[in-house]
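Reviewing the structure listed below.
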Amino acid sequence: MGVYLKGFLIACKGIPTTVAVSLVAIVIGAAFGLLLALCSQTKSKVLQVIAKVYVDIVRGTPMLVQALIMAYGIPWLLQSWGLGFKWDLLGGLVVPAVMVCGFNSAAYMSEVLRSGIQ
């Protein structure tokens, strides 16, 4: 029983980070989602296509895949181009977590806002 309690207490230490990531992601999602919704309703075909492609790709891929690409794929790609990029320099993996949650939320929020606009 002590092992389970110890694991629970370790998990509880992550609650403040989880709440902070969620709150920032909601703000990013709402702002970027509004921008995407407005782009999808504009007369510009280029902006409509960009918004549609973004929403379709982000909503069509699992968030775990997006998180792995953001956390490990992007740094690997930039390092292969000779850039010494690491998320550790920007505060660890919290930054890509916020970005993935925010951008994923934006794709869903844009559809909600778009339907409200229509």
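Just a few scattered comments:
- Tabulated pairs, the stretch 102-114, first basic (Lys, Arg), second in a helix (DSSP H, G or I), C-beta under 7 angstrom, 6+ apart or interchain: 114/37; 114/40; 114/41
- Residue check, residue 73 more than 20 Å from residue 99 (Cβ to Cβ), in a helix (DSSP H, G or I), out of contact with any helix residue (DSSP H, G or I) (no Cβ under 7 Å at 6 or more places or on another chain) and open to solvent by less than 60 Å² (accessible area, probe 1.4 Å): no
- Scanning the stretch 1-25 for residues that are exposed (fewer than 10 other Cβ atoms within 10 Å of the Cβ) and either closer than 20 Å to residue 67 by Cβ or among the small types (Gly, Ala, Ser) (or both) turns up 2, 15, 16.
- Residue in the stretch 26-43 that is in a helix (DSSP H, G or I), among the basic types (Lys, Arg), more than 21 Å from the chain's Cα centre (by Cα) and surrounded by fewer than 10 Cβ atoms within 10 Å (Cβ to Cβ) present: no
- The one condition in (1) touching a helix residue (DSSP H, G or I) at 6+ places or on another chain (Cβ under 9 Å); (2) modelled with pLDDT of 95 or more; (3) of a type outside the set (Ser, Thr, Tyr) that residue 41 fails to fulfil: (2)
- Single condition residue 81 does not satisfy, out of (1) open to solvent by 40 Å² or more (accessible area, probe 1.4 Å); (2) among the aromatic types (Phe, Trp, Tyr); (3) under 19 Å from the mean Cα position of the chain (by Cα): (3)
The values are calculated or read from the model by the stated rules, or taken from the named source; none is laboratory data. Bear in mind the structure is a predicted one, so any value in this text is a computation, not a measurement. Cβ coordinates were reconstructed from backbone atoms using ideal geometry, including for glycine residues, and neighbour counts include every protein chain displayed. For the accessible areas, the whole protein counts, side chains as well, though only heavy atoms, and no ligand, DNA or RNA atoms are used. Shrake-Rupley method; radii C 1.70, N 1.55, O 1.52, S 1.80 Å.
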